[in-house]
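Inspection log for the structure reproduced underneath, given as structure tokens.
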Amino acid sequence: MPAMLDISGDGFDKLSLLLDRFAENVSNLAPLFDQIADDFANTQRENFRTAGAVYGLWTPLSPAYAAWKEAHYPGQPILTRTGLLRDSLSSRPFGVEHIDQTRMVLGTQVPYARYHQDGAGLPRRPMINQPTRGEIRRYGSMLHRHAFEGVTS
């Protein structure tokens, strides 16, 4: 059952209209999720560009593997050989992207991503982590604008 607030009296008409618009705007979160997805892509581009600095620097490559990688994939940064993993998390549509009015799921279908993310048999180099304070502030601002103003940009 949806929450209801009934306010009556002189001067409350504007507040009632604002609350009605709030309810209307939060019933369809797809525009908000779309903007968050764009922000996520930007964050991932920065994370790959800075070798994981957004969430904590990634463990450097071992000297032997770094030499092999430079010989076979010259100039490619850490966690990038072909760019498939990086692109699947930093460009839309993502490898996994589902957005509807009430739910958003973003991710990658690159099978080896989980080994880097979890550190299963490899040094752990998380691409996705708990949101930073900056992300929380940005997402909160986006939610506020969407809920109260009906705009997301």
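The values are calculated or read from the model by the stated rules, or taken from the named source; none is laboratory data. Keep in mind that this is a model prediction, so the values were computed, not measured. Note that each Cβ is placed from the backbone with ideal geometry, even for glycine, and that neighbours are counted across all protein chains shown. Please note that ligands, DNA and RNA were not included when accessible areas were found on the heavy atoms of the full protein model with its side chains. Shrake-Rupley method; radii C 1.70, N 1.55, O 1.52, S 1.80 Å.
Condition check for Asp39 on (1) touching a helix residue (DSSP H, G or I) at 6+ places or on another chain (Cβ under 7 Å); (2) surrounded by 16 or more Cβ atoms within 10 Å (Cβ to Cβ); (3) not in a loop (DSSP other than H, G, I, E, B): one failure, at (2). When the test is whether a residue is free of Cβ contacts under 8 Å to residues at least 24 places away in the same chain and open to solvent by 60 Å² or more (accessible area, probe 1.4 Å), Ala71 passes it. Could you say whether any residue in the stretch 80-90 is in contact (Cβ under 8 Å) with a residue 40 or more places away in the chain and within 30 Å of Ser27 (Cβ to Cβ)? Looking through the stretch 80-90, at least one residue is in contact (Cβ under 8 Å) with a residue 40 or more places away in the chain and within 30 Å of Ser27 (Cβ to Cβ).
The residues in the stretch 115-127 that are farther than 11 Å from Leu85 by Cβ and in a helix (DSSP H, G or I) can be counted, and the count is 1.
If you go through the stretch 105-137 and keep only what is under 11 Å from the mean Cα position of the chain (by Cα), more than 14 Å from Gly52 (Cα to Cα) and open to solvent by 60 Å² or more (accessible area, probe 1.4 Å), you end up with just Ile136. Inside the stretch 58-91, can you point out the residues that are out of contact with any strand residue (DSSP E or B) (no Cβ under 9 Å at 6 or more places or on another chain) and under 30 Å from Leu143 (Cα atoms)? Result: Leu85, Arg86, Asp87, Ser90, Ser91.
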